[in-house]
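Only one structure is covered here, and it is reproduced in the block below.
The values are calculated or read from the model by the stated rules, or taken from the named source; none is laboratory data. All values reported here derive from a predicted model rather than from experimental measurement. So basically every Cβ, Gly included, is an ideal-geometry build from the backbone, and we count neighbours across all protein chains shown. The area values use the complete protein model at the heavy-atom level, side chains included, leaving out ligands, DNA and RNA. Shrake-Rupley method; radii C 1.70, N 1.55, O 1.52, S 1.80 Å.
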Amino acid sequence: MNDAAQGEVFKGSFTQQEPIPEEGIEAAVAVMRHGRLHRYNTAPNETAETVLLEQEFAALVGAKYCLAVASGGYAMSTALRAVGVQTGDRVLTNAFTLAPVPGAIAAVGAVPVFIGVTDQLVIDLDDLAAKADQADVLLLSHMRGHLADMDALMRICRQSGITVIEDCAHTMGAAWNGVPSGRHGTVGCYSCQTYKHVNSGEGGLLVTDDAEIAARAIMLSGSYMLYERHLAGPPKEAFETIRFETPNISGRMDNLRAAILRPQLRDLEERRARWNARYLEVEKGLKDTAGLTVIQRPAQEAFVGSSFQLLLQGWSADAVQAVLRRCAARGVELKWFGGAEPVGFTSRYDSWRYVDALPMPQSDAVLAGIIDMRVPLTFSLEDCALIARIIRAEVSTVFQSNVK
Ligand SMILES: *Cc1c(COP(=O)(O)O)cnc(C)c1O
């Protein structure tokens, strides 16, 4: 290691996103000027920003129907309700994911059954096949943007009659084998929370091709009897009985957020290219570091590199923590999925003590080595190269003194 690498410190912020595009700011100001923020509060012949957002997102991912809602978590619990999950039902989901996912299952009174994670950071398809008879629904989390072999996963689920709901909080703009993330299963759910791929502070989107599920989701979200205003929703016949039997569990999106989101959606492909340039820069700087494993991305996976994961496989907790401490001292904020207690946004399947989770030793071994880092678009390529040099230097130092 050279002295320069030892002395360098990163000064940027891992939580600083880009500003809202000017076009979005102007559209938001226009909404505030006219004051019609509620999605059903429109002037004659006006199409609400929320409706336009739904139409544009449906077109972007090639879905028949789209519903904009208050959060990604709300989209997931609404999807679970809309496909018919009832209190006490079991729902399969990932052991490696974040709190909103088991939370969405708990929100409908159902019980998560965790499926393990592989060292490629995707859901373990053998474990899924083994547990396929335990539930009728899989809430599949594409955690940190890693897509499982979706063709194989859908085969398993089709054979077992499992309905798949995709959590695409980290995969808006991604695809497997040319099919957009969120379009493999029956319902796709996306988040517009600040740290995801489009930013309205909070917000969510739900897509499906199933008219009945779309109608239920629209009624659930709080459409009253104004469902015909959903131009990205199913025809009014789909609501005939559903409108009487579906409770209103308000979680609508408003026109202000939709106005902010529309120009960001238009730029999604360009943002994906910029994220991936940053991801590849970090990857290049970390390749062939002794003790450190970089995740190989499959050729079928078109990912969005908005975060970076690396593995310190077989390291002791003390050694991993030494790396985290030393990187933090040089301005590089890393998160770890091996900690005994949840920290910040990071938690693991055994942190959610409202779930009776069975021990998962193989997944524990993977989680114990996962290091995770945000890559906001405010980082330059030089920033990414510097961050990689710092991680490489500190991993090497600790590896040489502790692990080898
Ligand atoms: C952010 C996130 C969600 C959705 O979260 P909201 O904050 O409710 O929009 C879902 N799944 C994962 C893995 C997430 O990180």
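Search the stretch 77-105 for residues being of a type in the set (A, V, I, L, M) and farther than 18 Å from VAL187 by Cβ, and hand back the single one that is nearest to the ligand (Cβ to nearest atom).
Checking each candidate, the answer is LEU98.
Check VAL332, VAL375, VAL395 and return the single one that is touching a residue at least 40 places away in the same chain (Cβ under 8 Å), touching a Lys or Arg at 6+ places or on another chain (Cβ under 7 Å) and either farther than 24 Å from LYS196 by Cβ or buried (at least 17 other Cβ atoms within 10 Å of the Cβ) (or both).
VAL375
Of ARG144, ARG229, ARG158, which residue is within 16 Å of the ligand (Cβ to nearest atom) and basic (Lys, Arg)?
On the way: ARG229 fails: within 16 Å of the ligand (Cβ to nearest atom); ARG158 fails: within 16 Å of the ligand (Cβ to nearest atom).
Result: ARG144 is the single residue among ARG144, ARG229, ARG158 that is within 16 Å of the ligand (Cβ to nearest atom) and basic (Lys, Arg).
Within the stretch 174-192, can one find any residue that is over 15 Å from SER141 (Cβ atoms) and within 11 Å of the ligand (Cβ to nearest atom)?
yes
How many residues does the stretch 337-364 contain that are within 16 Å of the ligand (Cβ to nearest atom) and either outside the structural domain of VAL395 (by TED's automatic domain parsing) or open to solvent by 20 Å² or more (accessible area, probe 1.4 Å) (or both)?
6
Select from the stretch 194-232 the residues that are under 13 Å from MET253 (Cα atoms) and part of a loop (DSSP other than H, G, I, E, B) and list them in ascending order.
Passing the criteria: SER200, GLY201, GLU202, GLY203, SER223, HIS230.
Does SER401 satisfy the condition of being on the phi < 0 side of the Ramachandran plot and modelled with pLDDT of 95 or more?
It is false that SER401 is on the phi < 0 side of the Ramachandran plot and modelled with pLDDT of 95 or more.
Which pairs do you get when a residue that is at positive phi, found in the stretch 135-162, comes within reach of a residue that is within 14 Å of the ligand (Cβ to nearest atom) and among the charged types (D, E, K, R), reach meaning Cβ atoms under 7 angstrom, with the pair 6+ apart or on two chains?
That search, which allows pairs on different chains as well, returns ARG144/ASP372.
Which one is nearest to the ligand (Cβ to nearest atom) among residues in the stretch 112-141 that are assigned to a loop (DSSP other than H, G, I, E, B) and among the β-branched types (Val, Ile, Thr)?
VAL122
I want to confirm something. Restricting to the stretch 193-213 and keeping residues that are among the hydroxyl-bearing types (Ser, Thr, Tyr) and surrounded by fewer than 24 Cβ atoms within 10 Å (Cβ to Cβ), which single residue is nearest to the ligand (Cβ to nearest atom)?
TYR195
Name the residues in the stretch 307-337 that are within 15 Å of MET143 (Cβ to Cβ) and assigned to a loop (DSSP other than H, G, I, E, B), would you?
Of everything in the stretch 307-337, just one residue is within 15 Å of MET143 (Cβ to Cβ) and assigned to a loop (DSSP other than H, G, I, E, B), namely PHE337.
Only one of ALA169, ALA152 is outside any strand (DSSP E or B), in contact with a Lys or Arg (Cβ under 8 Å, 6 or more places away or on another chain) and open to solvent by less than 40 Å² (accessible area, probe 1.4 Å). Can you tell me which?
Of the residues listed, the single one that is outside any strand (DSSP E or B), in contact with a Lys or Arg (Cβ under 8 Å, 6 or more places away or on another chain) and open to solvent by less than 40 Å² (accessible area, probe 1.4 Å) is ALA169.
Test VAL187 against the criterion of being among the β-branched types (Val, Ile, Thr) and touching a Ser or Thr at 6+ places or on another chain (Cβ under 6 Å), and give yes or no.
So VAL187 passes the test.
Determine which member of the set GLY109, GLY103, GLY73 is open to solvent by 10 Å² or more (accessible area, probe 1.4 Å), of a type in the set (Gly, Ala, Ser) and part of a loop (DSSP other than H, G, I, E, B). Walk me through how you get there before you give the answer.
Details: GLY103 fails: part of a loop (DSSP other than H, G, I, E, B); GLY73 fails: part of a loop (DSSP other than H, G, I, E, B).
Result of the check over GLY109, GLY103, GLY73: GLY109.
With among the aromatic types (Phe, Trp, Tyr) and away from the ligand (no atom under 16 Å from the Cβ) as the only criterion, which of TYR74, TYR40 stands out?
None of the other options fit; the residue is TYR40.
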